[in-house]
Amino acid sequence: MSVAYKHEIPHPAEAFGKPGLSPRWSRASKQGVGTALSAFSRVWFTIADGIITEVYYPDTGTADIKDLRFLVTDSKTFFDEEGTDTEITSLGQIHEKAPGYIITNTAKSGLWSITKRVITDPQANSLVIHTDFKALHGTTADFRLFVLLAPHIKNKGAGNSGKYAAYGRRNYLLAWREDIAAALSADQPFLRMSAGYSGVSDGWHDLKDNLDMDWSFEKAEDGNIALIAELKPRSDIVLALSFGKDEAEAVLDTERTLSREYHDIEREYIRGWRRYLNGLMPLGRRSADGGRRFWTSAIVLKTHEDKTSPGALVASLSIPWGEVKGDEEALGYHLVWPRDLCKSAFAFLAMGDGATALSILRYLGRTQAEAGNWPQNMYTNGEARWPYVQLDQTALPIILAWRLKGMGLAGDEFYPMVKKAASFIAANGPITEQERWEEGMGLSPATLAAEVSALVTAAHWAREMNEETASEYLFSTADHWQTRIEEWTFAECDCIGEGVPGHYMWIVRSVPESIAPGEQVCHALVFNRNRPKDRPHHQGEIVDTGFLDLVRFGVRGPSDPHILSSIKVADRFLRFEHNGRVAFHRYNGDGYGEKEDGAPFDGSGVGRPWPLLTGERALYEIMAGGEAQGYIRSFEEFANEGHLFPEQVWDSESIPARRLYRGRGTGSATPLSWAHAEYIKLLRSARDNAGCDLVEEVKARYIDRLTKLPMAAWKKSQPVSAASSGEILRIISLREANLVWTSDNWATKTEEPMAGTGLRIWRTDFSPERFAPGTRLFFTFYYNDTGEWEGKDYEIRIY
């Protein structure tokens, strides 16, 4: 029986229930992400559970829509919500070389299905959805179809306003907050419309209540809102969701899109992506799936690049565990991490896209802090979000610049950036405020690998610029740090378990020079972030796989006994296997992941395996001449149905009610740009049978020539209490100063200017055997710039 469409009945202009429920975001487990490869279209979309989730405009850091989904009822017996009461019966791309998606969602009842083709318009700021509604029982006249839109403009669900209105021959659902507006319309008239407050007076609750649309509120202002419109169910419906700085601009782009044939828009969309991808190296020949995951990985990286700030790539177009996150955590991963950005740049180079890698380097040049570093993460415009310092994120841009220079893609105009960054590392390292997992301060093998490699490349560049003093200082600092790596970070004891060989520690917060005589470095206590504060560990009990970066960059050889021993420990404590697939936890005791019962991470939880670490292990095996193919296949098989790699995979028994399945992605983030970058580099390394991240100058210095520099270095931020008489002793100041010192308890003293390095660092070096064992060296500083004394003495014991 056909449904009779009711005439609209009078209602108050504004919906009741202001401001609505507390807003939440969508699940981070995306099945698709996309944008037009066009500077004229600044809209990005995501797909999860078969529905459209966060949509971004005008940049990759600004989410404006929580989700857009269809609702279906017969006004008599049932009410279905797309994504909840449907199953995905088909999900694929419109073309293997374009991030447009064809999704068929079928009602669990088997009564109806919807097939959507989702793209963006290359000529407008519009998301375009071509929709076919199909009645699987009865006819389309037996059903009613609604589209439900949840605006969360400018990364906020609160404070949104919306209404319905007519412009020309079309009617629209409109939403706005501050200087961004959204407009939704279709190529057929909306039959009824309403604006409401989420959870109270929205169209979902209206239909759910009695299977009918009783409310038709004209507007809902300054709250968490939802907009609904009724469509006549049929095939070949085209919806356009457009954005602009105001209502008029959004409506104009909607009209521009709907005035074109959908298939013309789709062909143009595909053509832009094919043109780009056909210019890349065909690395997919190394994969088992004919290249689908390679093309998808290339698409993911390019999709995550901003168009307002070229070269800015966000970590993921997702909000980890977004379904329980409110506005205060709305930024999620759509921020720029310099580490992830450089990993992506290296992947672009690996597949032959030097232009995007160079764009990334230029972005880094624009966003570098005056001190020389980069913050923990940034908004796409370069403004710091979290200011904490991770020294690998200051090191990797140096390596990127050096690589581009070596390829003839960058010139000496980047040397000032490199010099400032190298100066910052030399002044503040080797201890980092945060390591690569952003959870610990201290000495990290992974950070040290990046620091040493960056200092070596910067030293070579300084030499080419005839800055010999700076070059010598950078070389000596790198040589000193790499000489000490095992002394600082390798645990010889068995505190991690009886019979376990020595291993590189995850993070070392107390170094040998700073602890009391007789104490062991590995026994110092550390407290893991995201884990209970009353459960400290000895730092020697915690291992991660970051030590593999020592091999990746060429600081240590793949057959170094410390590396081989640490691999055994990592395999014992971090390895996860399921159905022949292998992944690794970040470190033992990790707390970043779902709770034991599968509940979302809320500041504490249990860390789960990361597929990108499978890629890191595979890269090591290639460099070691080992068996890498199994790891490559494992990595590939962790991709989901959209060929996207998750940040983490579930490692416990499956919990279907929470959509957690053993060996599949969790709710943390999918896709993760870093993971896709690692996969691309892995394919290139497999093709070349060599590690594509290897820095030849570093390998030549430390593997081929075995360069060593026994030295103890003191600076106020990282003092040492003792030094060997057989080593160089270096005193460092970050201000121009005279060093005043005595070795006979001030019976006599020496005052001498400290030597400049050209890096905003001054030093005084004492040669080996300058002081006899048992000497107590006291010293202080007189600062030439202000004429002030330090005001205290420092002491180093010589042994």
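Is the shape of segment 166-254 best called rounded, prolate or oblate, per the rule: a/c under 1.5 gives rounded, else a/b larger than b/c gives prolate, else oblate, with a ≥ b ≥ c the square roots of the Cα gyration tensor eigenvalues?
Because a/c hits 1.5 or more and a/b fails to exceed b/c, segment 166-254 counts as oblate.
Roughly how many percent of the accessible protein surface of segment 711-798 is carbon and sulfur, given a 1.4 Å probe and a whole-percent answer?
Carbon and sulfur together cover 48 percent of it.
Which percent of the accessible heavy-atom area of segment 32-275 goes to carbon and sulfur, probe 1.4 angstrom?
Heavy-atom surface of segment 32-275 belonging to carbon and sulfur, 1.4 Å probe: 47 percent.
List the relative contact order of segment 32-275 as a percent without decimals, with contacts defined as Cα pairs under 8 Å and 6+ residues apart.
21 percent.
Kindly write out, for segment 331-347 in residue order, the coupling ³J(HN,Hα) from the Karplus curve 6.51 cos²θ - 1.76 cosθ + 1.60 (θ = phi - 60°), rounded to whole Hz, with x marking Gly and Pro.
Running phi through 6.51 cos²θ - 1.76 cosθ + 1.60 with θ = phi - 60° gives 6, x, 9, 7, 10, 9, 9, x, 5, 4, 5, 5, 4, 5, 4, 5, 5 Hz.
Per residue, how large is the accessible surface of the chain? Use a 1.4 angstrom probe and give square angstrom.
Per-residue value: 35 Å².
Quick one: which residues, 5+ away or cross-chain, put their amide H under 5 Å from the amide H of VAL55? H built at 1.01 Å from N.
Those lying under 5 Å, H to H, from VAL55 are ASP64, ILE65.
According to a simple spin-label model (label point 7 Å from Cα along Cα-to-Cβ), what is the distance in nm between SER259 and ALA355?
3.0 nm
What's the angle, to the nearest 10 degrees (0 to 90), between helix 292-303's Cα axis and the longest principal axis of the chain?
80 degrees
Suppose each label sits 7 Å from its Cα in the direction of the beta carbon; what would the ASN579-LEU709 distance come out to in nanometres?
5.2 nm
If you count, for each residue, the other Cβ atoms within 10 Å and average over each peptide, how do 23-31, 278-286, 80-88, 544-552 line up from highest to lowest?
Packing order, densest peptide first, comes out as 544-552, 23-31, 80-88, 278-286.
Report, by chain and number, residues whose modeled amide H sits under 5 Å from the one on ILE542, excluding near sequence neighbours (fewer than 5 apart, same chain).
Long-range HN contacts for ILE542: TRP506.
Measure off 7 Å from each Cα along the Cα-to-Cβ vector at LYS568 and PHE16, then give the distance between these two points in nanometres to one decimal.
7.3 nm
Which FRET efficiency value, to the nearest 0.05, is calculated for GLU178 and GLU751 with the Förster distance at 51 angstrom and r the Cβ-Cβ distance?
Between GLU178 and GLU751 the formula returns 0.25.
Could you work out how much longer the chain between ARG275 and GLU472 gets when fully extended? Use 0.36 nm per residue separation minus the Cα distance between them, nm to one decimal.
66.3 nm
Given the Cα-Cα distance of THR89 and ASP214 and 0.36 nm per residue of separation, how much length would full extension add, in nm?
41.8 nm
Which entry in (i) 0.99; (ii) 1.04; (iii) 0.97 is this structure's computed Rg/Rh (Cα atoms, Kirkwood Rh)?
(ii)
As an exercise, use a Förster radius of 35 Å and the Cβ-Cβ distance of TYR782 and ALA369 to find the FRET efficiency, rounded to the nearest 0.05.
Between TYR782 and ALA369 the formula returns 0.75.
Report the relative contact order of segment 711-798, percent, no decimals, based on alpha-carbon pairs under 8 angstrom and at least 6 residues apart.
32 percent
Quick one: pull the percent of accessible area on segment 294-396 belonging to carbon and sulfur, 1.4 Å probe, ligands and nucleic acids left out.
About 52 percent, which is the carbon plus sulfur part of the accessible surface.
Expected output is a single nm value to one decimal: the length gained when fully extending between ARG286 and GLU653, i.e. 0.36 nm times separation in residues minus the C-alpha distance. What is it?
128.9 nm
Through the Karplus equation 6.51 cos²θ - 1.76 cosθ + 1.60, θ set to phi - 60°, convert the phi angles of segment 581-586 into ³J(HN,Hα) values in whole Hz; use x for Gly and Pro.
9, 10, 9, 9, 6, 5
With a cut-off of 8 Å between alpha carbons and a minimum separation of six or more residues, what is the relative contact order of the chain in percent?
Result for the chain is 10 percent.
Can you give me the angle between helix 468-489 and the longest principal axis of the chain, using Cα atoms only, in degrees from 0 to 90, rounded to the nearest 10?
With both axes taken from Cα atoms, the answer is about 80 degrees.
Once the Cα atoms of helix 391-406 and of the chain are each reduced to a long axis, what angle between those two axes, in degrees from 0 to 90 to the nearest 10, is obtained?
So the inclination is approximately 90 degrees.
What ranking do 175-185, 598-608, 214-224 get when scored by the average of other Cβ atoms within 10 Å per residue, highest first?
Final packing ranking: 175-185, 214-224, 598-608.
The values are calculated or read from the model by the stated rules, or taken from the named source; none is laboratory data. What you see is a predicted model, and the numbers here were worked out from it, not measured in a lab. We place every Cβ from the backbone using ideal geometry, glycine too, and count neighbours over all the protein chains shown. Note: accessible area is taken over every heavy atom of the protein model, side chains too, but ligands, DNA and RNA are not part of it. Shrake-Rupley method; radii C 1.70, N 1.55, O 1.52, S 1.80 Å.
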